[in-house]
Every structure is written in structure tokens, then in C-alpha cells.
Amino acid sequence: MEREDKREEIIPVVEEKVRIDRREIKTADIRVRKVVREVEEEVDEPVVETRIEVQRVPINQIVDEPRATREEGDTTIISVYEEVLQKRLLLREEVHIRRRKVESRSQKTVVLQKEEVIVDREEFHESDNEF
């Protein structure tokens, strides 16, 4: 019978572990500035205004009943009455009020503000960072 050799051998078990650390490393400084510049610009725009003309139109006519204020085109007509002897109604006059639009050009120089952002970056080298 053969003899079996029973030997025990010790084998070390090794485990590796990873250790991760974090640290901040300054790589650059950034300076942000906002500059406001003024720019002159010519503006040429039409200007529309409404002008009112008032005209008194003598009528001097006997009428049976008053007329309501009315519109004829761009003119508003307001009747003006006066009672006369014999209780008759005399249309003395009409007031004509006309609206006219007048367009003209208006040139002006206006100052506009414009913002600009300036970014300055100052780089660091690896030798500036210590471990």
C-alpha cells in the first residue's frame, strides 16, 4: 500500500482595495466683467398727428325740428339753434369740426446702451498645484 502524503500547505489570500480620494485643484481664475457702452443711432420715423379745424357755417334757415349731431366723412357737424318770434326754430349756423391727419418725418439722435460681457481667464500650470 502506498502511503499518501498529507501535507498541508498555507497559501496566503491577498485582497487588493482601491482607495479613491478627491481634492480640488485650481486650474484657472476667471474674472467676468460687464461693460456698458453707449451707441448713438439715428432714428427717422414718421410722426402722425391729428389736427382739428373748426369752421362756423352760417345757415339762417327756419326748420321744423332740430337735427341731431352727425358725421359726414371726417367732419362732425353740430347744429346751433335759436328761437325766434312766432315760436319758429331758426337754424342759425352749423359748426363743422374736421379731423385731418398730418404726417411728417422726425429725425432724432438717440443714445442706446449696449452691454458686453468680457471673460478673462488666467490659467494655472501643474507646477502651481501642490499634491
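The values are calculated or read from the model by the stated rules, or taken from the named source; none is laboratory data. Everything numeric in this text was worked out from a predicted model, so none of it was measured. Virtual Cβ from ideal backbone geometry, glycine too; neighbours counted across all protein chains shown.
Which ones in region 30-66 are farther than 30 Å from residue 84 by Cβ and β-branched (Val, Ile, Thr)?
At the first step, the residues of region 30-66 found to be farther than 30 Å from residue 84 by Cβ are 30-52.
Answer for region 30-66, where residues must be farther than 30 Å from residue 84 by Cβ and β-branched (Val, Ile, Thr): 30, 32, 35, 36, 39, 43, 47, 48, 50, 52.
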Kindly provide the set of residues from region 75-98 that are assigned to a strand (DSSP E or B) and over 14 Å from residue 60 (Cα atoms), ordered by number. 75, 76, 77, 78, 96, 97, 98
Evaluation of residue 122 against (1) surrounded by 10 or more Cβ atoms within 10 Å (Cβ to Cβ); (2) under 30 Å from residue 26 (Cβ atoms) (one fails), failing number: (1)
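Restricting attention to region 23-75, report how many residues are in contact (Cβ under 8 Å) with a residue 60 or more places away in the chain and either farther than 30 Å from residue 106 by Cβ or acidic (Asp, Glu) (or both). Explain how you work it out, then say what you get.
Of the residues in region 23-75, the ones in contact (Cβ under 8 Å) with a residue 60 or more places away in the chain are 25-46.
So of that shortlist, the ones also either farther than 30 Å from residue 106 by Cβ or acidic (Asp, Glu) (or both) come out as 25-35, 38, 40-42, 44-45.
Matching residues across region 23-75 total 17.
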Do you know which residues across region 65-107 are basic (Lys, Arg) and under 30 Å from residue 41 (Cβ atoms)? 101, 105
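Can you tell me how many residues within region 9-26 are surrounded by 10 or more Cβ atoms within 10 Å (Cβ to Cβ) and charged (D, E, K, R)?
In the first step, residues of region 9-26 are kept if they are surrounded by 10 or more Cβ atoms within 10 Å (Cβ to Cβ); the result is 25.
Checking the rest, the ones that are also charged (D, E, K, R) come to none.
Counting residues in region 9-26 that are surrounded by 10 or more Cβ atoms within 10 Å (Cβ to Cβ) and charged (D, E, K, R) gives 0.
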Of all residues in region 27-49, count the ones that are within 23 Å of the chain's Cα centre (by Cα) and surrounded by 10 or more Cβ atoms within 10 Å (Cβ to Cβ). 1
Provide a single number: the residues in region 70-112 that are modelled with pLDDT of 90 or more and either farther than 27 Å from residue 52 by Cα or exposed (fewer than 10 other Cβ atoms within 10 Å of the Cβ) (or both). 3
Report the residue count in region 22-70 for those that are closer than 21 Å to residue 94 by Cβ, part of a strand (DSSP E or B) and basic (Lys, Arg). 3
